[in-house]
1. Starting from the Cα-Cα distance between residue 436 and residue 97, subtract it from 0.36 nm times their residue separation and give me the gain in nm to one decimal.
2. Within the stretch 259-317, which trypsin sites (Lys or Arg not before Pro) sit in a loop by DSSP and count at most 14 neighbouring Cβ atoms inside 10 Å?
3. Mind running the shape call on the stretch 295-335? Use the C-alpha gyration tensor, a ≥ b ≥ c as the square roots of the eigenvalues: rounded below 1.5 for a/c, prolate if a/b tops b/c, oblate otherwise.
4. Filter the chymotrypsin sites (Phe, Trp or Tyr not before Pro) in the stretch 401-447 to those in DSSP coil with at most 15 other Cβ atoms within 10 Å of their Cβ, and list the result.
5. Go through 253/352; 367/421; 352/421; 259/288 and tell me which ones have a Cα-Cα distance over 32 Å in this structure.
6. For residue 505 paired with residue 351, estimate the spin-label separation in nm (one decimal), with each label point 7 Å from Cα along the Cα-to-Cβ line.
7. Scan around residue 109 for amide H atoms under 5 Å from its own, H built in the peptide plane at 1.01 Å from N, and keep only partners 5 or more places away or cross-chain.
8. Sorted by mean Cβ packing within 10 Å, highest first, what order do the peptides 347-357, 291-301 take?
Amino acid sequence: CDGEAIYSPDYLVFALMLLVSAAVGVYYAWTDRDQRSSGNFLIGGRRMTALPVSLSLTASFMSAITVLSNPAEVYRYGASIGFYIIAFAMAVLVTSEVFMPVFYRLTITSTYEYLELRFNRATRLMGTLLFIVQTILYTGIVIYAPALALNQVTGMDLWGAVISTGVVCTFYCTMGGLKAVVWTDVFQVGFWIKKQHNDFTAEQTVLIFFSTSFDINPLRRHTFWTITIGGTFIWVSIYGINQAQVQRYNSCKSLIHAKLSLYTNLLGLWSILLCSVFAGMCLYSVYKKCDPWTAGLVSAPDQLMPYLVMDILGDYPGLPGLFVAAAYSGSLSTVSSSINALAAVTVEDLIKPCTNMSEKHLSWTSKGLSLLYGALCIGMAALASLMGGILQAAVSIFGVTGGPLLGLFTLGILCPFANSKGAVSGLLSGLVVSLWVGITAQIYPPSPEMSRPLSLTTEGCNLTTVDSLNWTSTTLPLLAESWYSLSYLYFSPIGTVISISVGLMVSLCTGTYYKEIYQRLF
């Protein structure tokens, strides 16, 4: 592959995607210029309909990391991640019937406002601060990781991509608020669909059976049980309680529209998952006899998909640019959702309770916070470039924190007798245990016997020298076969179960209570 740089038409396609996204922000800033309220800026005035919200829900957490890493996952370990179809369905069902009705009828802007209504102010602040820290950290990685992967394969300028992504997201979030975020997500999903169509222009096809089993051993990286059970907990924590998602379906004009947006979004999740699985199959078909990673042609698995695009489509101006635009559309949707959510929780949880600002001033404050958080996320991307191997640990921490928070909200919604002491104790206990499990799993990763990698060689390569980068060979301490090597998909269930269990025990020991407005909170 000689495609080490993309052509001018490719940059043109990428620039067009950025310009259209920015134009959407300008449009909504102009059309809503006379409606200067924080509610209109943060939740679209609660007038959104199901279709655009469903597409935005799909885009929000399907970042470029997902677009690049899912095919690499299938290439390395087989198509077992296809079982996420079940996890997605379970997560949407639980969200629509358990969490959504409570949040929607309370007409709250911040998810964490519920915690104060249900427990106390301290619980709300803990949830808010935990969300802010994890979101800034994760968003910085979402900006930097795909830029690095695409830079090393396509030759696209690294910091030009990082800064342009951050600046454009910050611009249209600051100008247009949630409406701009939702409608740019709709536009960006269109880029994904076109990109997935072009991914399958390769003539080679392969059938990779699900390299998994119904083995209940929790140390195995991927099985039917780890993906369906662990995946359900992870995605319920994203769709059920994460501010970025709750904020979207709360912007709908009715509960029916909110539920319809969630179920329509499920079709989008299934489509993206299946497309990424098929893309991984194409990767395996093309490179199973000449693994670019083992041969040293790429330095990380996430670079395999861009490498395939440049290898096959590099001579067709515009097509590599379409792929890059699609990958960055994933980043834009995730980053813009995060910035808007960060502004929302800061205004609702930290500023409103302590001030008597007018709606006009709160609106301008929300815009200023969007600008501030955009700058912080770009700064976090710069910091991520210095972290090296800590990047994967940081992504794991983002998943680990979702479990305890899910346990906290579940405790409040499903257990009427739980009190604030139980809530705080449960959250802290779940966070400590899930962090401990997550960190030790990073130190002692599972052996190849537990992760079951596919067979990849360099026998078909025309190379004079091959770097010894074969990831299937590794030397691990004996302790790696212990419970420290628990599948990463169980981090979230552990945090959730610990939070609920400790919360219930502490509540029973310290006395139960009921609030006057309890009917609306359960």
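1. 118.8 nm
2. 289
3. On the way: a/c = 4.17, a/b = 1.22, b/c = 3.43.
Judged from the Cα gyration tensor, the stretch 295-335 comes out oblate (a/c at least 1.5, b/c at or above a/b).
4. Numbers: sites: 409, 417, 436; in loops: 417.
Hits after loop and neighbour filter: 417.
5. Among 253/352; 367/421; 352/421; 259/288, the Cα-Cα distance tops 32 Å for 367/421; 259/288.
6. Simple spin-label model gives 4.2 nm for this pair.
7. Long-range HN contacts for residue 109: none found.
8. On the way: 347-357: 16.0, 291-301: 20.4.
The densest-packed peptide leads the list: 291-301, 347-357.
Quick note: the coordinates plus some simple rules give every number you see, no bench work behind them. Quick caveat, the model's predicted, so the values are computed rather than measured. No Cβ is skipped: glycine too gets one built from the backbone with ideal geometry, and neighbour counts run over all protein chains shown.
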